Amino acid sequence: MRNKHIGVGMGLVLGVLALQSPAAAADDSGIDIHPWSATPGTTVTVSTTACGSDVTYGKGESEAGGKFHLFEGDGEGVLTGQFTVPEGEKPGTDTVTVKCPPRTKVTDEYEITGRQPKGAVEAGFGDARDTDTQLVLGSALIAVAAGGWLVRMRRRPHANRT
């Protein structure tokens, strides 16, 4: 019975983790955007093979990040460029357009997510950066609680006393 509960718990954890990662969808745009989900301040790399193997230069534009250039990448026929998602950019979808000579134009989208909070949260016990004071205060509270429990247990009458 215990193994059944462990198996169910592991299944739930793996299911949640699977939902956290973006789905690998078939992308026929010819553009590879990495990372697919970016926060403001992140450098986004754009690669494409849509321009053909004989083209060595292209131009790109992100609605959020502005214009950027694409140059020959690591592989044959791969053009690569970068831009930075501006600070303060609101979460949502951003469209990237790549143009190559003579008349190639491809677009794709990626997600801009909100920033994750940084640092500690102040909860009314002083400065959140002052962890030494908080550690001493928390240890003292635990010691007082343990002492109170011990005193209570010693005062409790025992059933086996005669």
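The values are calculated or read from the model by the stated rules, or taken from the named source; none is laboratory data. Owing to the predicted nature of the structure, the values given are computational and were not obtained by experimental measurement. Please note: Cβ atoms are built from the backbone with ideal geometry, for glycine as well, and neighbour counts cover all protein chains shown. Heavy atoms of the whole protein, side chains included, go into the accessibility calculation; ligands, DNA and RNA do not. Shrake-Rupley method; radii C 1.70, N 1.55, O 1.52, S 1.80 Å.
Filter segment 35-62 down to residues that are modelled with pLDDT of 95 or more and open to solvent by 40 Å² or more (accessible area, probe 1.4 Å) and give me whichever is nearest to the chain's Cα centre (by Cα).
T43
May I ask you to list the residues in segment 40-74 that are under 11 Å from C100 (Cα atoms), of a type in the set (V, I, T) and free of Cβ contacts under 8 Å to residues at least 40 places away in the same chain?
T49, T56
Cβ-Cβ below 7 Å, separation at least six or inter-chain, first residue in segment 126-146 and open to solvent by 100 Å² or more (accessible area, probe 1.4 Å), second at pLDDT below 80: which pairs?
From residues that are open to solvent by 100 Å² or more (accessible area, probe 1.4 Å), the pairs are R129/A120.
Output the residues belonging to segment 63-94 that are β-branched (V, I, T) and open to solvent by less than 30 Å² (accessible area, probe 1.4 Å).
V85
Does at least one position in segment 18-32 carry a residue that is at pLDDT 90 or above, open to solvent by less than 90 Å² (accessible area, probe 1.4 Å) and not in a loop (DSSP other than H, G, I, E, B)?
Scanning segment 18-32, I find at least one residue that is at pLDDT 90 or above, open to solvent by less than 90 Å² (accessible area, probe 1.4 Å) and not in a loop (DSSP other than H, G, I, E, B), so the answer is yes.
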